[in-house]
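Engineer: Starting off with a structure, shown below.
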Amino acid sequence: MLSGELDVAITIPEGYAQALIEGRADARAELMALEGSEVASYVELMLNRYVENVSALAAATSGDVSGFKERYAQLDAAEFGLRKETAEDLSAGRDMTNRSIGYLVIVMMFSAVSLSTHMIKERENRTYYRLLAAPSSSRAYVASNVAANVLLLMLQVAVVLTVMTVGFGIRPGAPLWSIALALVLFAWVAVGLSLVIVAFSRNAISANALQNLLIIPTCLIAGCMFPVEAMPTPLRAIAEFLPQRWLLEGIDGLQSGAPAATLVLNGLTLAAFALTFCLVAAYKFGRNRDTRTFI
């Protein structure tokens, strides 16, 4: 070693193997190297791992020499393969999907309110009362508006997802049908909110003002325009009470492979928002007895 012929020397005392099999504390081998030898550190690390594995094998056989040799032969004959794979970076596609869906949510909400506002305009120009003079009811009138609204929003969802995946080649990182299903469920939330806005508005001008007051700030807080993590903690707490946030969290869970129970909770929450908005609008429509001519 002093002459440089050896980097490391390992001295194995007599009876070391038997002591190691029996698990005795005196089973020790001695490693010698020159001070500062890098080779010694590497050899010591590998030797310690090997001895630990053999000691665990000896403990499993409880000192049985024949059993230890049989297990050791099996371990020595085992083949370990190594396979190299390159994982594709999907973060860019996921970010683009989240931003696209965030802006789609804003467009859906404005479109829903815009279509529902026609009910106010038809009352202003007295078309609504002429429709009721025909063999039709106010319930059928509202239901037809809701059906047309939902179909329009579903068409928007289909167009945006098609352009996003086919036109721009964006990979959303989740099954496309599941994202579409979440957006269709949110379409009912948008329609329900539009009915609430119409129910509490006396004319088209107030409806437009109310939609700007509700849609832009809530979408901003919910993370439709930029990540919600960039906002202060109080605003994050407020975001948890917004349907847009539950939609975005659900889609993020789909991209991350979250458990199905978590995604079901997001879907039920969106359904609860839609039902609540529809009930509030129905109550307000039922209480509204004002049939004056709009000026």
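The values are calculated or read from the model by the stated rules, or taken from the named source; none is laboratory data. Computed from a prediction, not measured in an experiment: that's the story for all the values here. Using ideal geometry, Cβ is built from the backbone for each residue, glycine included, and neighbour counts are taken over all protein chains shown. Accessible surface is based on the protein model in full, side chains and every heavy atom, while ligands, DNA and RNA are left aside. Shrake-Rupley method; radii C 1.70, N 1.55, O 1.52, S 1.80 Å.
Engineer: Considering (1) aliphatic (A, V, I, L, M); (2) open to solvent by 40 Å² or more (accessible area, probe 1.4 Å); (3) in a helix (DSSP H, G or I), say which one Val113 fails and leave the rest.
Structural biologist: Condition not satisfied by Val113: (2).
Engineer: Among the residues of segment 43-94, what is the count of those that are closer than 30 Å to Ala174 by Cα and not hydroxyl-bearing (Ser, Thr, Tyr)?
Structural biologist: 11
Engineer: Say whether the condition of being of a type in the set (Val, Ile, Thr), in the same structural domain as Gly102 (by the TED database) and more than 16 Å from the chain's Cα centre (by Cα) is met by at least one residue in segment 252-270.
Structural biologist: No, the conditions are met nowhere in segment 252-270.
Engineer: Another question about this same structure. So which of Gly81, Gly67, Gly102, Gly63 is outside any helix (DSSP H, G or I), of a type outside the set (A, V, I, L, M, F, W, C) and open to solvent by less than 40 Å² (accessible area, probe 1.4 Å)?
Structural biologist: Going through Gly81, Gly67, Gly102, Gly63 in turn, the sole match is Gly63.
Engineer: Based on this model, can you work out whether Leu75 counts as aliphatic (A, V, I, L, M), at pLDDT 85 or above and part of a helix (DSSP H, G or I)?
Structural biologist: No: the conditions fail for Leu75.
Engineer: Now, a different point. Got a number for residues in segment 1-41 being surrounded by 11 or more Cβ atoms within 10 Å (Cβ to Cβ) and over 27 Å from Arg71 (Cα atoms)?
Structural biologist: Qualifying residue count, segment 1-41: 12.
Engineer: Considering segment 213-237 alone, what residues qualify as being within 17 Å of Met109 (Cβ to Cβ) and open to solvent by less than 80 Å² (accessible area, probe 1.4 Å)?
Structural biologist: Step one: of segment 213-237, the residues within 17 Å of Met109 (Cβ to Cβ) are 213-225.
Correct list: Leu214, Ile215, Ile216, Pro217, Thr218, Cys219, Leu220, Ile221, Ala222, Gly223, Cys224, Met225.
Engineer: Which condition number does Arg245 fail, the rest of (1) open to solvent by 40 Å² or more (accessible area, probe 1.4 Å); (2) under 18 Å from Leu104 (Cα atoms) being met?
Structural biologist: (1)
Engineer: Sort out which residues of segment 260-280 are under 17 Å from Leu181 (Cβ atoms) and either aliphatic (A, V, I, L, M) or not in a helix (DSSP H, G or I) (or both), and write them in order of number.
Structural biologist: Across segment 260-280, the qualifying residues are Ala260, Ala261, Leu263, Val264, Leu265, Leu268, Leu270, Ala271, Ala272, Ala274.
Engineer: Another question, if that's okay. Assess whether Ile179 counts as being out of contact with any Leu (no Cβ under 9 Å at 6 or more places or on another chain) and either open to solvent by less than 50 Å² (accessible area, probe 1.4 Å) or closer than 27 Å to Leu263 by Cα (or both).
Structural biologist: Considered against the rule, which asks whether it is out of contact with any Leu (no Cβ under 9 Å at 6 or more places or on another chain) and either open to solvent by less than 50 Å² (accessible area, probe 1.4 Å) or closer than 27 Å to Leu263 by Cα (or both), Ile179 comes out as no.
Engineer: Sticking with this one: Return the residue satisfying two criteria in turn: it lies in segment 84-99 and is among the hydroxyl-bearing types (Ser, Thr, Tyr) and not in a loop (DSSP other than H, G, I, E, B), and of such residues it is most open to solvent (accessible area, probe 1.4 Å).
Structural biologist: Going through the qualifying residues, I end up with Ser91.
Engineer: Given the condition surrounded by 13 or more Cβ atoms within 10 Å (Cβ to Cβ), aliphatic (A, V, I, L, M) and at pLDDT 90 or above, answer yes or no: does some residue in segment 255-270 qualify?
Structural biologist: Checked against the condition, which is being surrounded by 13 or more Cβ atoms within 10 Å (Cβ to Cβ), aliphatic (A, V, I, L, M) and at pLDDT 90 or above, segment 255-270 yields at least one hit.
Engineer: Next up: Looking only at residues in segment 183-212 that are of a type in the set (Ser, Thr, Tyr) and either in a loop (DSSP other than H, G, I, E, B) or out of contact with any helix residue (DSSP H, G or I) (no Cβ under 7 Å at 6 or more places or on another chain) (or both), which one is most open to solvent (accessible area, probe 1.4 Å)?
Structural biologist: My answer is Ser206.
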